[in-house]
1. Starting from region 175-192, keep only residues that are within 15 Å of Cys165 (Cα to Cα), then list their pairs with residues that are among the charged types (D, E, K, R) whose Cβ atoms are within a distance under 7 Å, requiring at least 6 positions of separation or different chains.
2. So if I check each of Ala135, Ala194, Ala206, Ala155, which one is of a type outside the set (Val, Ile, Thr), closer than 26 Å to Asp250 by Cα and under 18 Å from the mean Cα position of the chain (by Cα)?
3. Just to be sure before I move on: is Gln304 exposed (fewer than 13 other Cβ atoms within 10 Å of the Cβ), of a type in the set (S, T, N, Q), at pLDDT 90 or above and closer than 23 Å to Ala37 by Cβ in the structure I sent?
4. Given the structure, is Ala118 part of a strand (DSSP E or B) and closer than 22 Å to Gln304 by Cβ?
5. Residues that are of a type outside the set (Lys, Arg), at pLDDT 95 or above and more than 20 Å from Ser119 (Cβ to Cβ), at least 1 per element: which strands (runs of 3 or more DSSP E) completely within region 62-102 meet that?
6. Can you tell me which residues in region 146-167 are outside any helix (DSSP H, G or I), polar (S, T, N, Q) and over 20 Å from Arg201 (Cβ atoms)?
7. Take the residues in region 227-258 that are among the small types (Gly, Ala, Ser) and at pLDDT 95 or above; name whichever of them is surrounded by the fewest Cβ atoms within 10 Å (Cβ to Cβ).
8. Which of the residues that make up region 260-280 are closer than 27 Å to Gly227 by Cα and of a type in the set (A, V, I, L, M, F, W, C)?
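The values are calculated or read from the model by the stated rules, or taken from the named source; none is laboratory data. Small disclaimer: the values here were computed from a predicted structure and weren't measured. Virtual Cβ from ideal backbone geometry, glycine too; neighbours counted across all protein chains shown.
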Amino acid sequence: MRALMLEKIGQPEDLVLGDYPSPEPGPGEVLVDVHAAAVNFPDLLTIEGKYQFRPELPFVPGKEGAGIVAAVGQGVTRVKPGDRVMIQVEYGSFAEQAIAPEHECYLVPDAIPFDQAASIGIAFQTSHLALIDRAGIQAGETVLVTGASGSVGIAAMQLAKQYGCTVIAGLTTPSKEAVVRENGADHVIDLSVADLKNSIRDQVYALTNGQGVDVVIEVVGGDVFSGCLRSIKFRGRMIVVGFTSGVIADMKTNYVLLKNISVIGVDRGQYRDNEVDWMHRVQDEIFQSCVDGKIGMPVQASFQMENFIGAFDLIRERKIQGKVVLAIR
């Protein structure tokens, strides 16, 4: 099989496209013929050795993909050969064949193409966990989404609108406003300006009559986190999803105390491994909403495996406006 193999920690340029032996599924594992694989910011961090999970070298990166079940190991009952599945793994999807634990395989409806199936998992699962399970959003609330033009941001905006919320999109690249407007943003604030600790609050207050927002979905970190924390109203909720800026913010707990704010973390991987049935039910709901045309992830670009650097360049140059995929087959 063809695969993108990483033999040393470094950059995407260190990936080697070559022919390698096909893996075989062990007990509880599924072998998938991968048709499409999404390329994500955490994939870049994994290649650089900066992600919280570091596979042993050499390894094939890639955390999500979609294709057809080729074989199953002993004891597998959720899927069978021939099933269309989405897989979510720590690594391995940037290959013509990938191994996934049974619980990380999700049955894909026939109406959803593989590139969409590969793109809709991590982003919408993360956003669903953040908004519905952790934040408990209610119709009529106002939700601020940072990093709004990325896949998690787009999913969060679409879901928040579906639940009847007003959406404010935070953008570090204002030229991406059209994308967030198309995906549910009612208002846009500029995260590229100076003095973010004050300017974010001032922009949010101007849009909310000085009230602030009920919920923040925060994926950037650094001063963006600090500014968002100051923008939350009484009894609001801050949901920490990631740190795409590379800076983990320190938190001023006096704001948490004085406004009775909840600061809540979301690690989708913990849900994936510890709440298996719950996650499959949520993903079934996400797929059905996609089939019904209520949600969907814009696939910004599709690259052949030979052109994988182009996919990573969109991430490194902060040009993401949805999802980028590799066309494996």
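1. That search, which allows pairs on different chains as well, returns Gly184/Lys161; Val188/Glu177.
2. Just a single option satisfies the conditions, and that option is Ala135.
3. yes
4. Details: part of a strand (DSSP E or B): no; closer than 22 Å to Gln304 by Cβ: yes.
Considered against the rule, which asks whether it is part of a strand (DSSP E or B) and closer than 22 Å to Gln304 by Cβ, Ala118 comes out as no.
5. Result: 64-72, 97-101.
6. Residues of region 146-167 that are outside any helix (DSSP H, G or I), as a first pass: 146-150, 163-167.
Remaining after also requiring polar (S, T, N, Q): 146, 149, 166.
Hit for region 146-167 is Ser149, nothing else.
7. So, considering only residues that are among the small types (Gly, Ala, Ser) and at pLDDT 95 or above, the one surrounded by the fewest Cβ atoms within 10 Å (Cβ to Cβ) is Gly236.
8. Initially, region 260-280 is screened for residues closer than 27 Å to Gly227 by Cα, giving 260-268.
Residues satisfying the conditions are Ile261, Val263, Ile264, Val266.
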